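The values are calculated or read from the model by the stated rules, or taken from the named source; none is laboratory data. Because the structure is predicted, anything quoted here is derived from the model rather than measured. Glycine also receives a Cβ, built like all others from the backbone with ideal geometry; neighbour counts cover every protein chain displayed. Calculation scope for accessible area: heavy atoms of the full protein, side chains included, ligands and nucleic acids excluded. Shrake-Rupley method; radii C 1.70, N 1.55, O 1.52, S 1.80 Å.
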Amino acid sequence: MTSPAFGHILSALGGGDDLTAVPLDEVTHRCAAVTGMSGASIVLVADDEQDAVTATSGPAVTELEQVQFMVGEGPGRDAHRTGRVVLAPALGTPDDRWPEFSAAANRLGLEAAFAFPLRVGAITLGPLTLYRTNRGALDGTALTEALVLADVITQIVLAWHGSDDDVVSMPVSDLLDDRAVVHQATGMVSVQLSCSVRDALTRIRAYAFANDVPVDVVAHQIVERTLRFHP
Amino acid sequence: MSDREEWLARTFVELADTLVEEFDLVDFLSTLSQRMVELLDASEVGLILADAGGRLRAMAASSERLHLLELFEIQNDEGPCLECYDSGEQVINVVLADADPRWPTFAPRARHDGFQTVHALPLSLRTQVIGVANVFSADAQQLSDREVSLAQSFADVATIGILQAQAIEQTGQLARQLQNALNSRVVIEQAKGVLAERLDVDMQAAFERLRTYARTNNIRLTDVARSAVDGTLTAAELRAPSSADGGRSAGLAD
């Protein structure tokens with residue numbers, strides 16, 4: 001069952017669309033709109049960090065993310081690496097953490113950045129970064145909203161990304177499965193299939209969807225050892 | 001000082017002593033839940049925190065039984081935790097046999113799991129309720145005012161301790177730290193699954209292995225869990241009951 005806040009953000013993003021079928025650039029654009037920001041990016045980082053899929057709300061952010069990737073420094077990168085929210089209400093101050101990145105940001109008219117890691121336990125997808133053309137901190141409400149948005153985007157990306165190049169499209173509202181049994185089953189299946197926890201979760205969801213069974217029911221079967229996955 | 005008073009004094013110190021380098025919130029809350037069971041002679045205690053979206057999430061419990069964890073999870077729709085969280089008020093001495101009108105889904109389920117009485121105490125910082133301590137008893141015994149007061153004191157001391165350890169200064173930081181703590185719990189659940197499969201043990205045993213390893217090697221529970229999931233810590237290392245050389249075997253793959 002989704003929280004009201006999750007449902008609210010989901011519908012604000014969706015406007016009636018199946019968000020797993022909307023191009024990620026468009027989803028990113030909506031993230032900025034929903035939070036009142038000037039721009040946004042979603043970067044999905046490969047395990048070895050050598051590759052990334054980057055979606056942005058527009059050309060300025062696209063250029064800035066290219067800079068971040070090239071110079072290897074920036075709020076999104078820090079958020080992904082540390083698994084923590086990184087808040088930079090003023091880019092380009094004398095004690096800036098990322099001088100090259102921030103210089104590029106300022107040149108592109110961006111003055112603040114707020115990066116949120118997209119994660120489910122040990123599954124880390126990459127950062128969602130919100131950018132703004134004016135400096136200033138996120139107040140409590142805006143921060144909370146952004147944290148919920150990060151959860152929503154995490155669920156969308158997990159639903160959107162399939163295995164074996166098949167995009168498995170499942171309704172996002174059905175996929176909010178933060179129950180202990182699901183996470184336990186994810187761990188078990190990652191061992192059974194010798195795969196990452198991310199792939200394990202995708203496989204469990206795909207199985208549930210294909211068999212028209214709720215994810216937590218499948219998870220129970222796995223944990224009770226009446227259902228095993230084989231490579 | 002009587003034994004009981006000594007125990008109380010020691011426990012208060014234990015709960016306040018959170019300014020240690022390897023402080024781990026989930027591990028700390030697991031300890032708190034066990035101490036509350038001991039204090040109240042209760043059957044089970046669960047500690048629930050609210051995430052950024054206002055959803056109640058079980059952070060730690062006195063046992064790792066799946067049924068128990070689910071009893072907390074269903075309380076996002078109804079139940080003592082939800083009432084306590086919404087109102088900020090204690091919910092005390094509720095007899096489950098009479099509670100069907102109040103909680104039509106939760107009450108029968110809790111009785112089915114063998115509980116007769118339930119209580120919920122708020123975990124709050126000034127005016128903000130950040131979570132709930134949920135207490136279950138398998139018998140009909142009612143808590144006295146003194147017991148409730150002591151239990152609330154445990155909860156209050158623990159809440160202060162949590163926030164000190166996380167060096168919280170403002171609400172924004174609190175929201176972020178809590179979100180981080182909730183993610184830690186998920187890592188631990190994933191790690192339980194990995195270990196249960198690798199070692200062919202149940203979830204309770206898997207959790208005990210993680211916790212024992214963390215304490216023996218002086219590493220944060222969450223870090224051990226993450227290493228177990230990504231494979232840098234092998235099941236073989238976690239299978240051992242204790243570190244034989246008492247030394248630095250953490251985080252090394254075979």
Here the membrane-span-like helices of chain A, with no claim about any membrane, defined by DSSP H, Cα axial extent at least 24 Å and mean Kyte-Doolittle at least 1.0, are A:140-160
Under a Gaussian network model of chain A whose springs join Cα atoms within less than 10 Å, the largest fluctuation of A:ILE42, A:ILE156, A:ILE123 belongs to A:ILE123
One would report the Cα pair-distance distribution of chain B, bin width 5 Å, in %, as 1, 6, 13, 17, 18, 16, 13, 9, 4, 2, 0, 0
Using alpha-carbon coordinates alone, the radius of gyration and Dmax of the stretch A:12-64 in Å work out to 11.9, 36
Per-residue ellipticity at 222 nm attributable to helices in chain B (runs of n ≥ 4 DSSP H, -39500 (n - 2.57) apiece, nearest 500 deg cm²/dmol) works out to -16500 deg cm²/dmol
Interface residues of the stretch B:178-221, defined as losing at least 40 Å² of accessible area versus the chain alone with a 1.4 Å probe, are B:GLN179, B:ASN180, B:ASN183, B:VAL186, B:GLU189, B:GLN190, B:GLU197, B:MET203
For the stretch B:81-171, the accessible surface attributable to carbon and sulfur atoms (probe 1.4 angstrom, ligands and nucleic acids excluded) amounts in percent to 47
Interface buried area B-A, accessible surface with 1.4 Å probe, both sides summed, nearest 100 Å², comes to 3000
Which residues qualify? For B:LEU125, with a placed amide H closer than 5 Å and at least 5 residues away or on another chain, they are B:ILE130
In deg cm²/dmol, rounded to the nearest 500, the helical mean residue ellipticity at 222 nm of chain A, built from -39500 (n - 2.57) for every DSSP H run of length 4 or more, is -15000 deg cm²/dmol
Expressed to two decimals, the protein assembly as shown has a Cα Rg over Rh, using the Kirkwood radius, of 0.97
Share of accessible surface on carbon and sulfur in the stretch A:26-115, whole %, 1.4 Å probe and ligands ignored, is 50
Taking N as the residue count of chain A, its alpha carbon Rg divided by 2.2 N^0.38 Å gives 1.05
Distribution output for the stretch B:169-229: share of Cα-Cα pairs per 10 Å bin in percent, first bin at 0, values 24, 44, 22, 9, 1
Burial-style ranking of A:193-199, A:64-70, B:24-30, average other-beta-carbon count within 10 Å with highest first, yields B:24-30, A:64-70, A:193-199
Rounded to one decimal in nm, the spacing of the 7 Å Cα→Cβ label points at A:PHE69 and B:SER144 is 6.8
The protein assembly as shown accessible area per residue, 1.4 Å probe, protein heavy atoms, integer Å², reads 42
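On average, how many beta carbons from a partner chain sit within 10 Å of the beta carbon of a residue in B:78-91?
Mean shielding by partner chains, rounded to a whole number: 0.
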Contour minus Cα-Cα span, B:ARG65 to B:THR127, at 0.36 nm per residue, comes to 19.0 nm
Debye calc, one equal point scatterer per Cα of the stretch A:43-161, no solvent, log10 I(q)/I(0) at q = 0.16, 0.17, 0.23 1/Å comes to -0.72, -0.82, -1.47
Working note, the stretch B:79-201: Cα radius of gyration (Å, one decimal) and Dmax (Å, whole number) are 17.1, 47
